[in-house]
1. Give me the pairs: first residue in region 34-45 and among the acidic types (Asp, Glu), second residue modelled with pLDDT of 95 or more and surrounded by 15 or more Cβ atoms within 10 Å (Cβ to Cβ), beta-carbon distance under 7 Å, and six or more apart or on different chains, which are they?
2. Of all residues in region 52-74, count the ones that are surrounded by fewer than 17 Cβ atoms within 10 Å (Cβ to Cβ) and either over 17 Å from ARG97 (Cα atoms) or of a type in the set (Gly, Ala, Ser) (or both).
3. Which members of region 132-180 meet the condition of being part of a helix (DSSP H, G or I) and aromatic (Phe, Trp, Tyr)?
4. What number of residues within region 124-165 are modelled with pLDDT of 95 or more, surrounded by fewer than 16 Cβ atoms within 10 Å (Cβ to Cβ) and within 30 Å of VAL114 (Cβ to Cβ)?
5. Considering SER102, SER75, which residue is in a helix (DSSP H, G or I), of a type outside the set (Val, Ile, Thr) and farther than 15 Å from GLY165 by Cα?
6. All but one of (1) at pLDDT below 90; (2) buried (at least 19 other Cβ atoms within 10 Å of the Cβ); (3) not aliphatic (A, V, I, L, M) hold for PHE77; which doesn't?
Amino acid sequence: MNLANKLTLSRIFMIPIFVYFLLQGTKTSMMIAGIIFIFASLTDLLDGYIARSRNLVTKFGKFMDPLADKLLVMSAFIVLVELNIVPSWIVILILAREFIVSIFRAIAASEGIVIAAGKLGKYKTTTQMIAIILLCFSNFPFEGFNIPMDQIFLYICAFLTVLSGVDYILKNKQVLQESK
């Protein structure tokens, strides 16, 4: 197992620890959860960089890296719903988009078509991660200025979730066309 794949697995192993601290719901435990989330998010950047720069891209990594990302982000959002910090409809929207895109990718793969992630999907993921970090840190440092940056990023990520999902389907609609 190469270094990039080990980093991906470390992200998965951080999820229960992150969830534990987040579920405590205290300001201190949420800050600890936020720090764990930042560290896990950085491993995502690092494992991709290492895999590409050292030519260590593997099938395992191609499967586990996006799975680790989705598990981390969805774990965070589900706990934030439980803590009444995030409205459930946003998480339902995010989950629906992920299911639609994953099934769409599976159909494409069954036809021998590989669909790369688009820029909008990357922006969506980035805004999700920023929103989660701000929510874990109780909107620090923006709460002192009365700027609800956590909520702003949450709604931006909801918008980008829908937009990137629609864009993904429209750009690859040939996957759903029946062959004659």
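The values are calculated or read from the model by the stated rules, or taken from the named source; none is laboratory data. This one's a predicted model, so the numbers in the text were calculated from it and none came from an experiment. Cβ coordinates were reconstructed from backbone atoms using ideal geometry, including for glycine residues, and neighbour counts include every protein chain displayed.
1. What qualifies is ASP44/ARG11.
2. Filtering region 52-74 for residues surrounded by fewer than 17 Cβ atoms within 10 Å (Cβ to Cβ) gives 52-60, 62-63, 67, 70-71, 74.
When the remaining residues are screened for being either over 17 Å from ARG97 (Cα atoms) or of a type in the set (Gly, Ala, Ser) (or both), the result is 52-60, 62-63.
Counting residues in region 52-74 that are surrounded by fewer than 17 Cβ atoms within 10 Å (Cβ to Cβ) and either over 17 Å from ARG97 (Cα atoms) or of a type in the set (Gly, Ala, Ser) (or both) gives 11.
3. Scanning region 132-180 gives PHE142, PHE145, PHE153, TYR155, PHE159, TYR168.
4. Qualifying residue count for the region: 3.
5. Selected residue: SER75, the only one of SER102, SER75 that is in a helix (DSSP H, G or I), of a type outside the set (Val, Ile, Thr) and farther than 15 Å from GLY165 by Cα.
6. The single condition PHE77 does not satisfy is (1).
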